[in-house]
Amino acid sequence: MITQEQLKELQQRKDDLKRYLDIDGKKIEVEEEELRTHVPDFWQDQKAAEAQMKKIKSLRNWINGCEEVELAVDEVATGFDFVKEGLVEESELDALYTKALAMLEKLELRNMLRHDEDKMDAILKINSGAGGTESQDWASMLMRMYLRWCERHGYKTAIEHIIDGDEAGIKSVTISIEGDFAYGYLKSENGVHRLVRVSPYNAQGKRMTSFASVFVTPLVDDTIEITLDPARISWDTFRSGGAGGQNVNKVESGVRVRYQYKDPYTGEEEEILVENTETRDQPKNRENALRNLRSILYNKELEHRREEQRKVEDSKKKIEWGSQIRSYVFDDRRVKDHRTNHQTSDVGGVMDGDLDSFIKAYLMEFAES
């Protein structure tokens, strides 16, 4: 059974979080923002209207989340008194405490996502590494893992472009993910993911190691100013097929944009390539491709700012983007994150999208990075 001290600590954390989030101020802000939606011509500018509704929804999510935590903590306090009177079993009280603590920690974790880009939607790209069919199968397993994670959290996903593997799996996939703080949570997944298992594609039944890279960028919208130089843009079109588009050999709805990017800080040049086969509408695919290109450029600027911040704050642990971050060892029943040393034996749960403990461990250690 929980102690009086545990109850007091829970109540104190709840009060501290409510005060820090300024929930009373957010309630006033919601009322003010909702008044703006009552003007007759509010929906004439649809993009501005949608941005306004998204802002209100975000504020309401904080308010609702805090109210739910407050109710859960109050239930624990009531249950604590009822146990003394024999009206509630100790096991019931412990269950209420566990539930309230989990809700509180979830809101505290979300509060750690304080960078402007954290609240944005995300673009997640997976590329299979060297190793042929085995690594391509691993890439498809990661794709399913992230789609299941998104499903668990009520996020909307769309496969913008996918290249199937030669025999099984995928070579690469680009997924857009829409939902509150999608980028803030998924930025923890940037890097190389390593699989160790007895391969079903190896006739000798040998243990094999495969790699796949995951790259996550914030999905920018029209409120973010990103300058694209038209002279550096070139387009290709192609017939899309397979999972990326079903109108194979009919129309060239797939688009490919190439952007000759010059780093404003180093002067280095590189070609950025973005493909989109999400719809059968070529203009829509062009619009999506440009949106993804702007997201990549925005992320490059963020990386520069992070690097400058790390140089100033040498005491902080450095994150090596693109390095091996996590190992999934199937036959040893172990998934371990090498940055935080967090690990679990629930391999099946992780592959079914249960990533929250890894995300939490990452944010607890690197939230300010």
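Nothing in this text is a laboratory measurement; each read-out follows from the coordinates by a stated rule. Worth saying up front: this structure is predicted, and the values here are computed from it rather than measured. Neighbour counts run over all protein chains shown; Cβ positions are idealised from the backbone, glycine included.
At a glance:
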item: Filter result (of a type in the set (Ser, Thr, Tyr), over 17 Å from Thr227 (Cβ atoms) and surrounded by fewer than 22 Cβ atoms within 10 Å (Cβ to Cβ)) within the range 258-300; result: Thr266, Thr279
item: Qualifying residue in the range 130-147 (condition: surrounded by 20 or more Cβ atoms within 10 Å (Cβ to Cβ) and part of a strand (DSSP E or B)); result: no
item: Single match in Gly205, Gly179 (criterion: of a type outside the set (Phe, Trp, Tyr) and touching a Cys at 6+ places or on another chain (Cβ under 8 Å)); result: Gly179
item: Residue count for the range 263-295, restricted to those that are outside any helix (DSSP H, G or I) and in contact (Cβ under 8 Å) with a residue 12 or more places away in the chain; result: 13
item: Enumeration of residues in the range 26-42 that are surrounded by fewer than 13 Cβ atoms within 10 Å (Cβ to Cβ) and either farther than 24 Å from Trp62 by Cα or aromatic (Phe, Trp, Tyr) (or both); result: Val39, Pro40, Asp41
item: Residues that are β-branched (Val, Ile, Thr) and either part of a helix (DSSP H, G or I) or over 30 Å from Asn276 (Cα atoms) (or both), drawn from the range 94-129; result: Thr98
item: Number of the exception - Ala51 against (1) loosely packed, with under 11 Cβ neighbours inside 10 Å; (2) touching a residue at least 40 places away in the same chain (Cβ under 8 Å); (3) over 23 Å from Leu101 (Cα atoms); result: (1)
item: Number of positions in the range 182-203 that are among the aromatic types (Phe, Trp, Tyr) and closer than 30 Å to His115 by Cβ; result: 2
item: Thr157 vs. criteria surrounded by fewer than 21 Cβ atoms within 10 Å (Cβ to Cβ) and under 16 Å from Glu178 (Cα atoms); result: yes
